[in-house]
Each structure stands twice: as structure tokens, then as C-alpha cells.
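Working notes, beginning with the structure itself.
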Amino acid sequence: MSRLSRRTLLTAGAALPLFAIRTRPAEAAEFTYKYANNVPLTHPMNVRAGEAAKRIKEATGGRLEIQIFPNNQLGSDTDTLSQLRAGAVEMFTLSGLILSTLVPVASINGVGFAFKDYGQVWPAMDGALGSLVRGEIAKRGLYAMAKQWDNGYRQMTSSAKPIKTPEDLSGFKMRVPPSPLWTSLFKAFGAAPTSINFNEVYSALQTHIVDGQENPLAIIDVAKLYEVQKYLSVTNHMWDGFWFLANKRAWEALPADVREITERELNASAVQQRVDIAKLNDTLSGSLKTHGMEFIQTDAAAFRATLKKAGFYSEWQQKFGKEAWGALEAAVGSLA
């Protein structure tokens with residue numbers, strides 16, 4: 001159980017949604033949990049998480065209050081993951097690919113050009129593959145909710161030149177999140193990947209520490225990366241989702257009925273957020289074009305063939321192991 005000091009609330013208050021501020025000072029919540037994430041307050045994940053927090057507070061009779069800290073407010077992804085494990089932060093949403101620094105198999109959903117569409121993604125991640133990953137997460141002192149939140153298919157952007165073919169990535173300075181799979185993917189294309197936490201991406205692009213990055217359209221839009229990037233290559237090279245994680249000790253400290261309500265409402269909001277992202281992606285292409293971004297269509301088969309020739313799939317088949325790789329291929333077909 002943790003509570004924030006008045007000083008902390010005053011410092012963070014400007015960025016916190018109204019529901020995170022106590023309205024019943026004489027009746028403090030029995031449990032006050034901090035939930036951190038790396039996306040802006042306007043992102044669908046924070047909108048839906050805020051709605052879930054309200055429903056949870058009401059349904060538990062005020063026993064659990066979830067306070068939201070968006071946009072890396074409590075530190076970078078890697079810093080906040082450490083805080084989550086230590087219990088300084090009780091809840092955190094994190095990409096499986098970054099979580100893989102702790103839980104290696106968590107990055108399996110990001111195998112390059114594996115998932116062709118959402119018709120393959122959700123049955124796998126809500127089913128056998130997701131269950132396998134959640135089991136491994138539990139072994140590291142964390143609890144993962146059953147439903148992943150959508151981060152979306154990732155696209156490549158650049159400032160120096162358009163990326164049309166795998167050959168265009170040769171020697172290209174690409175920002176990637178701190179994850180072995182991301183680094184391996186772009187090395188297989190002959191690029192020069194550089195691991196940078198998301199809170200430093202804009203400045204890294206602005207100062208040309210890197211020439212490009214890759215993220216879903218929603219992130220490119222809300223983080224205003226169009227201000228420092230000109231070309232957007234529609235590659236759909238990787239599907240990425242957020243695991244909603246809780247510190248296991250903090251989770252188990254909640255009464256059983258509070259846990260049931262909390263997971264139910266968070267999972268319900270996760271499903272709603274998936275719909276939000278789908279609708280948002282339908283409109284973002286036009287919006288980003290009005291901001292000056294030039295869209296480039298690419299051939300996924302050419303990129304996939306390059307990865308196969310480079311031994312990317314066979315390498316990760318060995319790293320993930322027979323059971324996990326089998327669950328992935330059961331959903332997407334043969335890769336290696």
C-alpha cells in the first residue's frame with residue numbers, strides 16, 4: 001500500500017487527470033496505487049485507463065484509488081520497470097518488447113513481419129501465446145492482466161531519405177527502444193540501431209543523433225514526431241502491445257473482490273482502447289499528411305525475405321524455444 005504526499009500531488013497535479021485528485025479528504029482510500037505509463041494524457045490508453053480508474057473506485061466503494069502518471073512522468077520505461085519491481089510504483093503499462101529485458105519471451109509478439117493483421121494478433125495474445133507470456137511474467141514478481149492494450153503496428157519514419165526497400169536501411173541510424181529483439185531486427189537489415197528511451201526520442205531526432213525511428217501512427221501523432229521527421233514508410237513491420245502490469249505484492253495485498261473488480265474493469269477498458277486505436281489509425285494518415293509527412297508504401301514480402309536470408313527467424317526460434325515459437329507459428333504460420 002502506498003500514499004502520495006501533498007508535496008508530490010502538488011508537483012504532479014498539473015499533469016494528473018481530475019479523478020486522480022482526492023475529492024473526499026476526510027475519507028482516504030484504503031489503497032492508493034500509482035499507475036505509470038509512457039504515453040501522453042490524450043492517448044487512448046490514458047483516456048480509457050482513466051475511465052477504468054473511476055469505475056474501480058466506484059465499484060470498490062472508494063477502497064482503491066488509482067492515480068495516473070502519464071508520459072514518463074515518473075521516469076523512463078527502464079527506470080519505471082525497476083520502480084515497479086521494487087514496489088515504488090504499483091502499476092505500469094509496458095511494451096512486451098521492453099519488458100523482455102526482464103522476461104525474454106515477452107518480446108515474441110514483436111517478431112518482425114510475423115502478424116499479418118489483427119485477425120491473427122488478438123486470438124494469439126488473448127489465447128495460448130499470451131497465456132504463455134503471462135506465466136513467465138508471473139515468475140518475475142509481476143502480475144499481468146489478461147487483456148493487452150494496443151500500441152499498434154509500427155511504421156518507420158526518417159528525416160534524411162525515404163525508406164522504400166530493405167536496402168534503404170543499410171547504415172541507417174535508427175532509434176530503437178531498449179530491447180534485444182529490436183536491435184537484432186534492424187541489424188539484420190544492415191542498419192545502425194541505437195537504443196534510446198522514448199522520453200528522449202524527440203530530442204535525439206531533432207539533434208540528428210539518429211535519423212529515424214519507428215512507432216505506431218498514434219504515437220507519431222501525439223508525440224508530434226512529424227515536427228522532426230519528413231518521411232513515413234508504411235511497413236507494419238512489428239505489432240506491439242502494452243501489458244498492464246502490477247507489482248505482485250501490491251496486487252496480492254488487495255482483497256480478492258477488489259482484485260476481481262480491478263482486473264475486470266481494466267480488461268474491459270483494454271478492449272475499448274483496441275477499438276479506439278483502430279478508429280484512430282483510420283484517420284491519422286490524413287492528419288499526418290497535413291503536418292507535412294510524406295507516406296511511402298512498402299512490400300512486406302521483400303522485408304520478410306531479407307530477414308529470413310539473414311537468419312533472423314532461425315536465430316529467434318532458438319532463443320524463444322520450441323514451446324513459445326510453436327505457439328507463435330500456430331497463430332501466424334511458418335516463419336523460419
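No lab work stands behind these numbers, since they all come straight from the coordinates. The model shown is predicted, which means the values in this text are computed figures rather than measured ones. We place every Cβ from the backbone using ideal geometry, glycine too, and count neighbours over all the protein chains shown.
Taking amide H atoms as placed 1.01 Å from N in the peptide plane, the amide H of ASN215 lies under 5 Å from those of GLN155, THR157, each 5 or more residues away in sequence or on another chain. Rounded to the nearest 20 debye, the dipole size of the chain about its Cα centre is 440 debye, using +1 on the Cβ of Lys and Arg and -1 on the Cβ of Asp and Glu. Proximity of backbone amide H atoms, modeled 1.01 Å from N, is registered between ASP150 and PHE242, ARG274 at under 5 Å, excluding neighbours fewer than 5 places apart on the same chain. Using alpha carbons only, how many angstrom separate the centre of the range 273-336 from the centre of the range 190-204? What the calculation gives is 19 Å, centre to centre. With R₀ fixed at 35 Å, the C-beta to C-beta distance from SER334 to THR165 puts the FRET efficiency at about 0.90. Can you list the trypsin sites (Lys or Arg not before Pro) in the range 230-259 that are in a DSSP coil and have 15 or fewer other beta carbons within 10 angstrom? Taking the range 230-259 and a limit of 15 other Cβ atoms within 10 Å, the loop trypsin sites (Lys or Arg not before Pro) found are LYS230. Give the residue from GLY62, VAL271, ALA330 lying farthest towards the positive end of the charge dipole for the chain; charges sit on Cβ (+1 for Lys and Arg, -1 for Asp and Glu) and the dipole is referred to the Cα centre. The listed residue farthest towards the positive side: GLY62.
Just tell me the longest site-free run in the chain, where the sites are GluC sites (Glu not before Pro) in a DSSP loop having at most 16 other beta-carbon atoms within 10 Å. Longest stretch, sites excluded: 31-336. Over the residues of the chain, the helix contribution to mean residue ellipticity at 222 nm works out to -13000 deg cm²/dmol, using -39500 (n - 2.57) for each DSSP H run of at least 4. If the cut-off is a Cα-Cα distance under 27 Å, which lysines reach LYS147, setting aside same-chain residues fewer than 8 apart in sequence? Partners within reach: LYS34, LYS54, LYS57, LYS116, LYS139, LYS248, LYS279, LYS319, LYS322. Coupling constants for the range 327-336 follow from the phi torsions by the Karplus curve (6.51 cos²θ - 1.76 cosθ + 1.60, θ = phi - 60°), and in residue order they are 5, 5, 5, 4, 8, 10, x, 5, 10, 6 Hz; glycine and proline get x.
Taken over the range 6-332, the ratio of Cα radius of gyration to 2.2 N^0.38 Å equals 0.99. Per-residue extension of 0.36 nm, minus the Cα-Cα distance of ALA302 and ASP126, leaves a gain of 60.4 nm for this segment.
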